[in-house]
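Worksheet: one structure, shown below.
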Amino acid sequence: MSSTQAKPQQTQVAQRPLDGITVIALEHVIAAPFCTRQLADLGARVIKIERPGLGDFARAYDTRAKGMSSHFVWVNRSKESLTLDLKQAAALEILHKLLQTADIFVQNLAPGAASRMGLSADHLQKVNPRLIYCDVSGYGNDGPYRDKKAYDLLIQSEAGFLSVTGTPDEPSKAGNSIGDIAAGMYAYSNILAALLLREKTGLGSCIDISMLECLSEWMSFPLYYAMDNTDPPSRNGASHATIYPYGPFLAGDGKTVMLGLQNEREWLQFCRQVLLNEALAIDPRFNSNALRNENRAALKQIILDTFRPLNSQQVIARLDQAQIANAQLNDMAGLWQHQQLAARQRWAEVESASGKMPALIPPGINDAYEYRMGPIPSVGEHTTAILEELGLSENEISTLRQAGTI
């Protein structure tokens, strides 16, 4: 974490919203694990079911985080790892026993796989009517796409995200797993709503989360913009598709400054205080956003000519003085060292098998409690302890381990 300041953790923590809630997670990769990590942040006990030996295959995606996978480190802190080979009847029996008293079950297996193991919502809720069952999949539990494999890039494509992202010459995927993230967030919020509903009814719910539907919701601006077979927003790289100037501009030192105008008042201020050319504000090519967007090539050249004698900090100073929204084009090194995150003490440290790991504290500062920032589990780290809680003896656990069940 270099010079970034970590926020010290209190030894005594106030009650968290999900203290006492138990989550069983039959999960892998990002969407479901991101959901359950956020439940753990709020105090829930999350028991993550992993394959014996290998664990969640996201553990092997890379070794960039002190020898661990960057993906896994991000979405799996504060969980307990229980290894079970669910192809074996004894392992399924253990999972069923856990689910008899659990509050939440989250799974993102292939469609139909959970049901084939006797893990359908109908079956489990007959035994545990208060169980909240959340199924995360690519396309949902019915429809013609039900059984198609769904990875993040494929969902970005199906949801039309690629059609509006990139340059005029080539579409681009998002630099992070936006389809998985969307699904994880909607799974999380749906589970919180189901917990509130359970307080009123005493009964659990079954939640069907589709990655396609989650990302399609986030695509609603382009959808409405292209209603009735009208032209969709064009791909304009990092520039806004319909508002101009709104995007990246090069300063004289070769650094990029992002800026954005939202209205005509800001356009006048931009011309007056940044471009030092107030007459430009009433130029018939540029005196409305629609015209500026239509004539963006000409306006871009005027802006670049003005910025060329200035370095990026001088450009930002002018923009700040004119109260024009702007930002630096940060890279990951810049984000690690971002002074705003440091000033607001948004970094903590969590334990792992590789030592202390820096971790962003979840967004949203609540003065009633602090988020849990627990260790990143090793594969099967909590298997013995969890099985002992279920009443298994040392000999029984040893037998299961020899059989490869755990």
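Odds and ends about this structure:
- Pair list, Cβ < 8 Å and 6+ apart or interchain, from the stretch 336-355 residues that are assigned by TED's automatic domain parsing to the domain that holds R77 to residues that are modelled with pLDDT of 95 or more and among the polar types (S, T, N, Q): V350/S78; A353/S378
- Pairs where the first residue, in the stretch 162-178, is in the same structural domain as Y151 (by TED's automatic domain parsing) and over 21 Å from F34 (Cβ atoms) and the second is among the β-branched types (V, I, T) and surrounded by 15 or more Cβ atoms within 10 Å (Cβ to Cβ), C-beta under 8 Å, 6+ apart: P171/T165; S172/T165
- Residues located in the stretch 387-396, provided they are surrounded by fewer than 19 Cβ atoms within 10 Å (Cβ to Cβ) and assigned to a helix (DSSP H, G or I): E388, E389, E394, N395, E396
- The helices (runs of 4 or more DSSP H) located wholly in the stretch 256-332 that include 1 or more residues which are under 17 Å from N236 (Cα atoms) occupy 289-294, 296-307.
- In summary, Y139 fulfils each of the numbered conditions (1) surrounded by 14 or more Cβ atoms within 10 Å (Cβ to Cβ); (2) modelled with pLDDT under 95; (3) not β-branched (V, I, T) with the single exception of condition (2).
- If the condition is being assigned to a loop (DSSP other than H, G, I, E, B) and free of Cβ contacts under 8 Å to residues at least 60 places away in the same chain, then the stretch 239-251 contributes S239, H240, T242, I243, Y244, P245.
- Any hit, the stretch 347-360, residues being farther than 23 Å from G55 by Cα, assigned to a loop (DSSP other than H, G, I, E, B) and under 19 Å from the mean Cα position of the chain (by Cα): no
- Comparison of K126, K173 shows that the only residue that is more than 21 Å from the chain's Cα centre (by Cα), modelled with pLDDT of 95 or more and surrounded by fewer than 19 Cβ atoms within 10 Å (Cβ to Cβ) is K126.
- Residue within the stretch 97-106 that is within 19 Å of T22 (Cβ to Cβ), among the acidic types (D, E) and crowded, with 19+ Cβ neighbours inside 10 Å present: yes
The values are calculated or read from the model by the stated rules, or taken from the named source; none is laboratory data. Remember, predicted model here, so these are calculated numbers, not experimental data. Positions of Cβ are generated from backbone atoms using ideal geometry, with glycine treated the same way; all protein chains shown enter the neighbour counts.
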